[in-house]
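The structure under discussion appears below in the form of structure tokens.
The values are calculated or read from the model by the stated rules, or taken from the named source; none is laboratory data. Since we're looking at a predicted model, the values are computed, not measured. Note that we place each Cβ from the backbone using ideal geometry, even for glycine, and neighbour counts take in every protein chain shown.
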């Protein structure tokens, strides 16, 4: 392994190379004093370099001796077992759940996009409520982080959806346990509201800062099971002149989100806007932020109008086949599209 | 928040100095670089960069609130639970009380449909005293197209709130609370926004109206991406204005025609559908909102005003709390009046289409007005007259004459505006 791989500053790396230390092997035998003299740094800095180097080289060596091919990582079989029991968050729309294989997957980054007014924010709020369905009702009993970049989060609407969700749960328990005294739903809409952590982000710098900070926040709040970003696009679409910089920052952000999803076993849902793109002589709709961004999510769902119905289409997923399903937005939240005829009008 | 100075964040002295030496002064400077770029630029190790960034991020990132706290705050601090009632019963019910504070509400519709009427009524409502159901505050009305009519404002006032406006001096006081600004360009608009930002909190301003946003943006000379960029900046500024001062902001948008019946689709939709080769090419045009999809994403509530077979409708096309509803309305001397408080629920593409079918008898009148205004070259008069004219052919020809005669500059904005063609 070479010096170039060490996570140290560029000037120190330069000095090492200039003094003839090219491999980790050569560094490992020197004493800190010797090294300090050789490359003209203070002794404490030299010690630091040695520490980093030995840490890296032990990692390097252990690879060969162990039975595993490489340290870290998992076998496919372990992953399969883990995924079989991994938890899913229902969308409250059975058709949509079916094509998603049961709901929104934890440990994955899911992007949902669509035209204005199609129901992106509604799905976001619904998921923030649904993640809190207790374990005995087949939910996760987790908490939610809602990152609002557009200011479209309406508390009144959350309350409506939360109330409807509790009603549904009590109906469900009534159905299965006739003696509903013991199994009555003890949840209160206010407690659902209490478990949604809301961040209002006003610029792209705040957005990046927040994603950096989430790591710490989730460590302190272990029961957070979903992070919703509504929308990931807004600020990145407004304030940028330098598109290359935008791509780099977005790339870094999505990597961090992916890491969060994996490390803390939570679902990340990013809502995205649409834009028009000129393809083969005609304008077509596509999700915003460009082509390199579209690689950054695990699953991509596009919401669109199909005649008079709202549909969701799986545009990209490593495990699900592309399919589309109808859904509807009711006063009670996201529901199956067939039940929409029974909708109670808000008068 | 983003412009916080790094040297005031209590970072370890050594690393703070390095940031300062590399001219990375604010959090924005630091966060606009990736960690690798920072490592190269600052010439320090990965571990230091990561820990410094974690610290900066923690300082900069916005505070966390639970949704419950948010709701309690709204209920406690705001009159009418954060809504400006429109006094249109059906609409108010659908919107949980009226135009919400802190977000953008958009009115879109063809000329002459009643957008300005709606704005006039709203500005009156915001200025009314609290015991009459108003917000008892000042109103800033940004009138881009010079369509604000003070006479009409007083008329609406006296007709809808006679008990207030017949009291001596009250009409003067109410109307005195509404301040009209007339910026002529986007840069002037930006300037007045900056001034508004300062005065919003001190002056008890309770409503901001921009009539119309589209005229402002489309009037600019540059097109395409740079215009999009300029709009983007304004949108995020207005949004933050609404957010921090917690007032409702109402903006109007114009329409333009969209040639061809092929609506925008995703690429996967195009494959699944049979191509319509056998159909003869149609040049049907329909109306769409003048400011495009990027803008539409930014507004929280979109109200579409349209007319279908002689009847005007107000449609709730986008709202986070209500199903899409359409209400028939009429314009009377007291402003907009709903004919039916039970909305008609809409489905599918109907929600976003904008119809414009004006009654036939208006036509002669419209042309007359048009001719009288033909040689007055203010932009606003043109739009005024175009409200009434309905015949495309004539209009196109007239426009062509003026354009060739006078040089295109005046009409540049107009080219983007739609001729009213969907007759």
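Anything in segment A:130-166 that is in contact (Cβ under 8 Å) with a residue 12 or more places away in the chain and either within 15 Å of residue A:330 (Cα to Cα) or not assigned by TED's automatic domain parsing to the domain that holds residue A:113 (or both)? List them, or say none.
A:157, A:158, A:159, A:160, A:161, A:162, A:163, A:164, A:165
Scan segment A:207-221 and give yes if some residue there is away from chain B (no Cβ under 12 Å), surrounded by fewer than 19 Cβ atoms within 10 Å (Cβ to Cβ), in contact with a strand residue (DSSP E or B) (Cβ under 7 Å, 6 or more places away or on another chain) and more than 23 Å from residue B:231 (Cα to Cα), otherwise no. First the steps, then the outcome.
Step one: list which residues in segment A:207-221 are away from chain B (no Cβ under 12 Å), which gives none.
Scanning segment A:207-221 turns up no residue that is away from chain B (no Cβ under 12 Å), surrounded by fewer than 19 Cβ atoms within 10 Å (Cβ to Cβ), in contact with a strand residue (DSSP E or B) (Cβ under 7 Å, 6 or more places away or on another chain) and more than 23 Å from residue B:231 (Cα to Cα).
What are the residues in segment B:19-34 that are more than 7 Å from chain A (Cβ to nearest Cβ) and in a helix (DSSP H, G or I), if any?
B:19, B:20, B:21, B:29, B:30
Hey, does segment B:81-92 have a residue that's under 18 Å from residue B:213 (Cα atoms), in contact with a strand residue (DSSP E or B) (Cβ under 6 Å, 6 or more places away or on another chain) and more than 14 Å from every other protein chain (Cβ to nearest Cβ)?
no
Among B:180, B:196, B:209, B:156, which is closer than 22 Å to residue B:117 by Cβ and part of a helix (DSSP H, G or I)?
On the way: B:180 fails: part of a helix (DSSP H, G or I); B:196 fails: closer than 22 Å to residue B:117 by Cβ; B:209 fails: part of a helix (DSSP H, G or I).
Answer to the selection: B:156.
Across segment B:316-339, what is the number of residues that are within 11 Å of another protein chain (Cβ to nearest Cβ) and out of contact with any helix residue (DSSP H, G or I) (no Cβ under 7 Å at 6 or more places or on another chain)?
Within segment B:316-339, residues that are within 11 Å of another protein chain (Cβ to nearest Cβ) and out of contact with any helix residue (DSSP H, G or I) (no Cβ under 7 Å at 6 or more places or on another chain) number 3.
Is it the case that residue B:142 is within 30 Å of residue B:355 (Cβ to Cβ), assigned to a loop (DSSP other than H, G, I, E, B) and either touching a helix residue (DSSP H, G or I) at 6+ places or on another chain (Cβ under 7 Å) or assigned by TED's automatic domain parsing to the domain that holds residue B:313 (or both)? Break it down stepwise before answering.
Working: within 30 Å of residue B:355 (Cβ to Cβ): yes; assigned to a loop (DSSP other than H, G, I, E, B): no; either touching a helix residue (DSSP H, G or I) at 6+ places or on another chain (Cβ under 7 Å) or assigned by TED's automatic domain parsing to the domain that holds residue B:313 (or both): yes.
No, not satisfied.
Do you know which residues across segment A:273-299 are in contact (Cβ under 8 Å) with a residue 40 or more places away in the chain and at the interface with chain B (Cβ under 10 Å from one of its Cβ atoms)?
Answer for segment A:273-299, where residues must be in contact (Cβ under 8 Å) with a residue 40 or more places away in the chain and at the interface with chain B (Cβ under 10 Å from one of its Cβ atoms): A:273, A:274, A:285, A:287, A:288.
With B:216, B:241, B:201 as the choices, which residue is more than 14 Å from every other protein chain (Cβ to nearest Cβ) and within 17 Å of the chain's Cα centre (by Cα)?
Of the residues listed, the single one that is more than 14 Å from every other protein chain (Cβ to nearest Cβ) and within 17 Å of the chain's Cα centre (by Cα) is B:216.
Out of curiosity, is residue B:70 facing chain A (nearest Cβ under 9 Å), without any contact (Cβ under 8 Å) to a residue 40 or more places away in the chain and not in a helix (DSSP H, G or I)?
So residue B:70 fails the test.
Hey, could you check segment A:126-151 for residues that are within 14 Å of another protein chain (Cβ to nearest Cβ) and assigned to a helix (DSSP H, G or I) and say which is surrounded by the most Cβ atoms within 10 Å (Cβ to Cβ)?
Of everything passing the filter in segment A:126-151, A:128 is surrounded by the most Cβ atoms within 10 Å (Cβ to Cβ).
Which condition number in (1) out of contact with any strand residue (DSSP E or B) (no Cβ under 6 Å at 6 or more places or on another chain); (2) assigned to a loop (DSSP other than H, G, I, E, B) is the one that residue B:151 fails?
Here residue B:151 meets the rest and fails (2).
Quick check, is residue A:123 under 14 Å from residue A:267 (Cβ atoms), at the interface with chain B (Cβ under 9 Å from one of its Cβ atoms) and not in a loop (DSSP other than H, G, I, E, B)?
For residue A:123, the condition - under 14 Å from residue A:267 (Cβ atoms), at the interface with chain B (Cβ under 9 Å from one of its Cβ atoms) and not in a loop (DSSP other than H, G, I, E, B) - is not met.
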